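Q: Got a structure for you, questions after.
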């Protein structure tokens, strides 16, 4: 189980991590140098908003030593990873009646085991980023179990949780899913209460996987808290017509709130078909930048999430190739840095604005 809540300290540590990490990308990031193999040396720092390593270790029996898969440790190092978001994925079919809150506790214990097994990772909520090590952030993917007691999300947020998606592949007691049997009802009454609570406690709602109706409901709630809209791993629907992707209007809303859309590497979400290439991902990035702006595009690879990765982006080590391709297309080093890490760090560091203290009058 999660330790007793420590709201002020936990939030200060998370804010310090994001601020320190952002400074590190500004001060320590090298400029691009294209060699004969058209790669960036050394790599531009990556902060990936969605990597499903915990699912592989907790549910699929993969070793916590991370010697295999898209996001094995060697690949993370070669790709230039400086930050990674570990989702607590709660599969709809965990039990006959869905996932339980206790399952979130169990997956969190697995995440902490992964971090403990690999000194390359900094602990959740560490105060400062360190060169050569990977900062870790926490998310929940498919939080329908919390409809049973929305107050239970508090202790996860106090533990450093930054991002929460209220649904996954199917409709949940909180929200309709983009791929659910019915997509028009949006957030349920308890779902609205849940999202209000997430924002008020200092975390963000992740709109990846929710239906268009739920997206619209979340925008209204986020506005009351001055919160950015974040889609951790969703592409542009105009390029790949998939319900999991974002419309251009949704991308404009994300930009208007200061949020981000994280580019997803799953081939069907990149092209709408079974296959994709690195160049197809570049097309997605260019469209996202055209519609939302360079400050509102990030990376949420979905590596190790059962995806079909594009040819040329087979694992985490290939980010330098993506950087080189974007630079060849005319993007600056600084803009690639924004997409690879700085934009993600901005939203990871978001906190609600405290209400102004009342002014005493005589």
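Q: Hey, could you check the stretch 83-106 for residues that are surrounded by fewer than 22 Cβ atoms within 10 Å (Cβ to Cβ) and part of a helix (DSSP H, G or I) and say which is farthest from the chain's Cα centre (by Cα)?
A: Applying the filter and picking the extreme gives 102.
Q: All but one of (1) surrounded by 18 or more Cβ atoms within 10 Å (Cβ to Cβ); (2) touching a helix residue (DSSP H, G or I) at 6+ places or on another chain (Cβ under 8 Å); (3) more than 19 Å from residue 262 (Cβ to Cβ) hold for residue 136; state the number of the condition that does not hold.
A: (3)
Q: Inside the stretch 257-308, can you point out the residues that are more than 17 Å from residue 326 (Cα to Cα), touching a residue at least 40 places away in the same chain (Cβ under 8 Å), assigned to a loop (DSSP other than H, G, I, E, B) and within 17 Å of the chain's Cα centre (by Cα)?
A: 258, 259, 266, 302, 304, 305, 306, 307 - these are the residues of the stretch 257-308 that are more than 17 Å from residue 326 (Cα to Cα), touching a residue at least 40 places away in the same chain (Cβ under 8 Å), assigned to a loop (DSSP other than H, G, I, E, B) and within 17 Å of the chain's Cα centre (by Cα).
Q: Something else about it: Does the stretch 182-197 contain at least one residue that is under 30 Å from residue 328 (Cβ atoms), surrounded by fewer than 23 Cβ atoms within 10 Å (Cβ to Cβ) and without any contact (Cβ under 8 Å) to a residue 60 or more places away in the chain?
A: no
Q: Could you list, in sequence order, all residues of the stretch 317-338 that are under 24 Å from residue 259 (Cβ atoms) and in contact with a strand residue (DSSP E or B) (Cβ under 6 Å, 6 or more places away or on another chain)?
A: Passing the criteria: 319, 323.
Q: With the checklist (1) in a helix (DSSP H, G or I); (2) over 18 Å from residue 165 (Cα atoms); (3) within 16 Å of the chain's Cα centre (by Cα) in hand, flag the one item residue 254 doesn't pass.
A: Here residue 254 clears every test but (2).
Q: Which numbered condition trips up residue 119, out of (1) without any contact (Cβ under 8 Å) to a residue 60 or more places away in the chain; (2) over 19 Å from the mean Cα position of the chain (by Cα); (3) part of a helix (DSSP H, G or I)?
A: That leaves (3) as the condition not met.
Q: For the stretch 172-207, how many residues are under 20 Å from residue 247 (Cα atoms), touching a strand residue (DSSP E or B) at 6+ places or on another chain (Cβ under 8 Å) and assigned to a loop (DSSP other than H, G, I, E, B)?
A: Summing the residues that are under 20 Å from residue 247 (Cα atoms), touching a strand residue (DSSP E or B) at 6+ places or on another chain (Cβ under 8 Å) and assigned to a loop (DSSP other than H, G, I, E, B) in the stretch 172-207 gives 5.
Q: Next question. Search the stretch 123-141 for residues being assigned to a loop (DSSP other than H, G, I, E, B) and in contact (Cβ under 8 Å) with a residue 60 or more places away in the chain, and hand back the single one that is nearest to the chain's Cα centre (by Cα).
A: 125
All of the numbers you see were taken from the coordinates with simple rules; none came from a lab. From a predicted model like this one, the values you see are computed outputs, not experimental measurements. Cβ: placed from backbone, ideal geometry, glycine included. Neighbour counts: every protein chain shown.
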